[in-house]
Structures are given as structure tokens and as C-alpha cells.
Amino acid sequence: MAVRNIRVEREQDEILRKKSREVDEINERIITLLDDMAETLYKSNGVGLAAPQVGVLKRVIVADAGDGLIELINPKITRESGEQIYVEGCLSLPNVFGEVKRPEEVLVEGLNRDGKRVEINGSKLLAVVLCHEIDHLDGVLFTDKAIRLVDPEK
Ligand code: ZN
């Protein structure tokens, strides 16, 4: 396992704005990517990480909202309900925080590392994290959706 460099948004780095491709074969490289992303997530004290954030344009995310590690390949939101406003940050946007309106609960379908179809039911923080990470796979950052930015110093 290895900690990977997190891509930070700046004008020269367009990778965070690109659309990631579906994974069609879960090979050794994908397993290593998952391992490295988990290690990078924990090292950074984050709650979620998407592959484009480590420079890989593949539809892979990891998340841990406090109840253990979730790994998802080709994740898709299949159901959503309610709404909540949560102050979000992003490992790729250091020191930027903003209020974003998201569903309160989501059902996400994807594959695990064994290629089995899994469903994750996320509510509250986990719903926020899943939506935020899946947005990354389409080149969307939370600042695109923020109702207002929040200054953490105030
Ligand atoms: Zn992010």
C-alpha cells in the first residue's frame, strides 16, 4: 500500500474537472488503487476520496463516515430522499468550506473489490460523502453546488 498525492484544484490541473470512466475489469491495478486510496484517506483524516483526486480517471470511490471503510466501483445513486444542508470541505480544496444541499438519504449501487454487486444505504453524513464523491467522478466539485461558502475563521 502507498499513500498517493492528492490533486489540488488549480487552473493548471484540469483532472478534477474531467469525467471518469467506468471500470470494466477489476484487476490488480484496481485492487492496488483501492488499497492506496484507503491509506491516503486515513492519512489525510478525510471521510471520502474519489480516484480523480489521486489522478486516476476511473469510477472508484472510498468513504468512511465513522462506520468503517466503504469501497465502491462504478457507484450509482439509485434512490434518494429528503434533504439536508451540511458544511462540506474537500481534500482537493484545502481551507474551503461551504454549505451544500444534498439528499438526507441515498441508496447507492456499485461493485465491491470482488466484483459483487453491493448496495449501500447512506444517511446523514454518509449520504453527503457518497454524493460528494460520486460528483467527483463527473468532474463536479462541491463549490459548484454550494449555497454559500463558509469562512472557518469566523
Ligand atoms: Zn472532494
task: Please compute the net charge surrounding R59, taking Lys and Arg as +1 and Asp and Glu as -1 over other residues with Cβ under 15 Å from its Cβ.
output: 0
Charge dipole magnitude, Cβ of K and R +1, D and E -1 - the chain, Cα centre, debye nearest 20: 220 debye
- prompt: So, with a 1.4 angstrom probe, what is the percent of accessible area on the range 18-67 that is carbon and sulfur?
  reply: 42 percent
query: Can you work out the FRET efficiency for the pair I15 and D114, with r the C-beta to C-beta distance and R0 = 30 Å, to the nearest 0.05?
result: 0.60
- request: Starting from the Cα gyration tensor of the range 15-150, multiply each eigenvalue by 5, take the square root, and state the resulting semi-axes largest first in whole Å.
  value: 22, 17, 13
message: Suppose each label sits 7 Å from its Cα in the direction of the beta carbon; what would the V87-D24 distance come out to in nanometres?
response: 4.5 nm
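Hey, what's the range 15-150 come to in accessible area per residue, 1.4 Å probe, Å²?
With the other protein chains kept in place, the range 15-150 gives 49 Å² per residue.
Find the Rg to Rh ratio for the range 1-49, where Rh is the Kirkwood radius over alpha-carbon pairs and Rg uses the same atoms. List each step's numbers first, then the result.
Values: Rg = 12.4 Å, Rh = 12.4 Å.
Reported Rg/Rh, Kirkwood definition of Rh: 1.00.
The values are calculated or read from the model by the stated rules, or taken from the named source; none is laboratory data. Model, not experiment: these values are computed from the prediction. For neighbour counting, all protein chains shown are included, and Cβ atoms are generated from backbone atoms with ideal geometry for every residue, glycine included. Protein only, heavy atoms only, side chains kept; ligands, DNA and RNA dropped before computing areas. Shrake-Rupley method; radii C 1.70, N 1.55, O 1.52, S 1.80 Å.
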